[in-house]
Amino acid sequence: VMQKKILVFSHNPFSSQANNGKTLESFFKGYPIENLAQIYLEPSTPDFNYCRRYYRITDYEVISNVLSNGRVGHALEEADSNSQFLDASNAMVRHLYHSIRKKSERTGISKFIHSGFVRRIPAFVAFREMLWRFANWETLEFNSWIRAFAPDLLFFQGSSCAFAYKIALRLSDKYDIPLVIQLTDDYANSIYPYSVVQMFNQAMYNKYLKIGIQRASTVIPICEYMETEYKRRFGGRHVTLMNTIKSPGNLPERTAIDRIRLLYAGNVLIGRHKVLAALGRALSRINDRCGTKHTLTIHSPLSIPQAIVKHLTKVPSIVIGQSLNSEELTRAIGDTNIVVHVESFGAQMRKLTRLSISTKIPEYLASRRCMFAVGPADVASIRYLFDNAVAAVVKESKQTVIESELSKVINSRELRTYYSDRAYALYLRKHNPETTMNSIADIIEFADRRPR
């Protein structure tokens, strides 16, 4: 199995920090570096400690190609690790790309465009699909790079974009290699149900999602909830796997009961900052009532917009920390009593996260720390924690309820130990690296070409 050459195709590169990149690294940990190659679509720097063959194509190059026949994509060498690099012949595209990266936060037109794509506004989605349809991304250089690697299997990390499924299907067919699809998020349901443009977008997306699932040798959904629904809707062969992490060991919990430390590590966007603020306010009320100095420290892998920073730092108990890599996060958790997971209660955000399980949950389960979770009952991450009784879970947004449940966990070391023990047992059953690597090895070994 280890001798097979795996071509990974995804929006995100292998990464020790970014969520989807971390999942990919956990799946192929221990795989020979010379037998991995990756095509990715995000303008960011990959992890050259994990893979040395990269080919990057970005939306900026696609726009430049459509507007002025600019170059699309290039192979990345380790020496070319500067994520600022953009070979776009169109001056406007170059200016937009570099102006975004000179600042920690987007402003003006770049903020407008980015917001449109993040929120998946139907007109932006349709425009992006059109650009990729007309761009000449399949160049001689691109095909030569693939032929030089000579892959035995295509591992596609599923996308919110129909064009990415078209590319994956094209590569599988052209190079006559089996296709494996990993699904981390649910994009099969519309978050703009009353938009005519979205109806078209969704029909196109679901068409290619279904073709991909039925063509794939194996589909890897992120959780059993997704597997059940997707099997019913799209068919296919499914094996549920989540990302894994090596346990940091049995770190003793901090003992200062008047300074309990809570930690949140993850994205604060898609409405999560509102829940974090509510949790912080509950913590501040506990501090005021009990004379304690408990804190909630927030570490985000992404730059946090200033408006959200201001919203969060208005709360006395909240501290905004820096972005952390894997090693730094392990140390930070070791200096923490309670790890926090939240999901938005907003209707639109719930549709986005309904069948997704956050990549940080396995890290939390392995940490031997008590987990405190706040979010709606119908979101997969909250369901998973509640169904397995591995966290103190609050399934409503009411401030008094959050405060009451948080107070119980803060005041009872026995309760924290109960949840941390159960969490670690679940980690050993479902998230330890050896079990997942064995499953990935089986998927690779028995991968076959499905009928076209």
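For Cα pairs less than 8 Å apart in space and 6+ apart in sequence, what is the mean separation divided by the residue count of segment 318-452, i.e. the relative contact order in percent?
For segment 318-452, the relative contact order is 22 percent.
Using Cα centres only, tell me the gap between segment 129-194 and segment 298-322 in whole Å.
36
When you take every Cα atom in segment 207-344, what is the radius of gyration, and what is Dmax, the widest Cα pair distance, in Å?
19.6, 61
Using a 7 Å offset from the Cα along the Cα-to-Cβ direction at both GLU34 and ASN388, what is the distance between the two label points in nm, to one decimal?
3.8
Can you work out ³J(HN,Hα) from phi for every residue in segment 358-371, in order, using Karplus 6.51 cos²θ - 1.76 cosθ + 1.60 and θ = phi - 60°, giving whole Hz and x for Gly and Pro?
Values per residue, Gly and Pro as x: 4, 5, 7, 4, x, 5, 5, 4, 7, 7, 6, 10, 5, 10 Hz.
In whole Hz, what ³J(HN,Hα) sequence does segment 326-331 give by Karplus (6.51, -1.76, 1.60; θ = phi - 60°), x for Gly and Pro?
4, 5, 5, 5, 4, 5
Can you compute log10 of I(q)/I(0) for segment 1-53 with the Debye formula, treating each Cα as one identical point scatterer, at q = 0.27, 0.29, 0.32 Å⁻¹?
So the normalised log intensities are -1.12, -1.29, -1.52.
Using modelled backbone amide H atoms (1.01 Å from N, in-plane), which distant-in-sequence or interchain residues come within less than 5 Å of GLY158's amide H?
Under 5 Å from the amide H of GLY158: GLN182, LEU183, THR184.
Read phi for every residue in segment 429-439 and hand back ³J(HN,Hα) as whole Hz from Karplus 6.51 cos²θ - 1.76 cosθ + 1.60, θ = phi - 60°, with x for Gly and Pro.
6, 10, 10, 6, x, 4, 4, 5, 4, 5, 5
Which residues' amide hydrogens lie under 5 Å from the amide hydrogen of ILE318, considering only partners 5 or more residues apart or on another chain, with H built in the peptide plane?
Amide H to amide H, under 5 Å and 5 or more residues apart or across chains, ILE318 pairs with LEU296.
Mind listing the long-range amide H neighbours of THR218? Cut-off is under 5 Å, sequence gap 5 or more, other chains count too, H placed in the peptide plane at 1.01 Å from N.
For THR218, the qualifying residues are ILE181.
What does the accessible area per residue of the chain come to in Å², with a 1.4 Å probe and no ligands, DNA or RNA counted?
44
Heads up, I need the accessible area for VAL239: 1.4 angstrom probe, whole protein in place, Å², nearest 10.
In the full protein context, VAL239 sits at about 50 Å².
Give me the accessible area of LYS430, 1.4 Å probe, in Å² rounded to the nearest 10.
Estimated to the nearest 10 Å², LYS430 gives 80 Å².
Got a number for the accessible area of TRP132? Probe 1.4 Å, square angstrom, nearest 10.
Its heavy atoms expose roughly 10 Å² to the probe.
How tilted is helix 272-290 with respect to the longest principal axis of the chain? Cα atoms for both, answer in degrees (0 to 90, nearest 10).
With both axes taken from Cα atoms, the answer is about 10 degrees.
For the chain, give the percent of accessible area contributed by carbon and sulfur heavy atoms, probe 1.4 Å, rounded to a whole number.
Here it works out to 53 percent.
Tell me what the chain gives for mean residue ellipticity at 222 nm when only DSSP H runs of n ≥ 4 count, each as -39,500 (n - 2.57), the sum divided by the residue total, rounded to 500 deg cm²/dmol.
-14500 deg cm²/dmol
Quick one: compute the contact order of the chain, relative version, from alpha carbon pairs under 8 angstrom and 6+ residues apart, as a percent.
15
The values are calculated or read from the model by the stated rules, or taken from the named source; none is laboratory data. What you see is a predicted model; the values in this text were computed from it and never measured. FYI the Cβ positions are ideal-geometry reconstructions off the backbone, even for glycines, and counts take in every protein chain you see. What goes into the accessible areas is simple: the full protein's heavy atoms, side chains included, and nothing from ligands, DNA or RNA. Shrake-Rupley method; radii C 1.70, N 1.55, O 1.52, S 1.80 Å.
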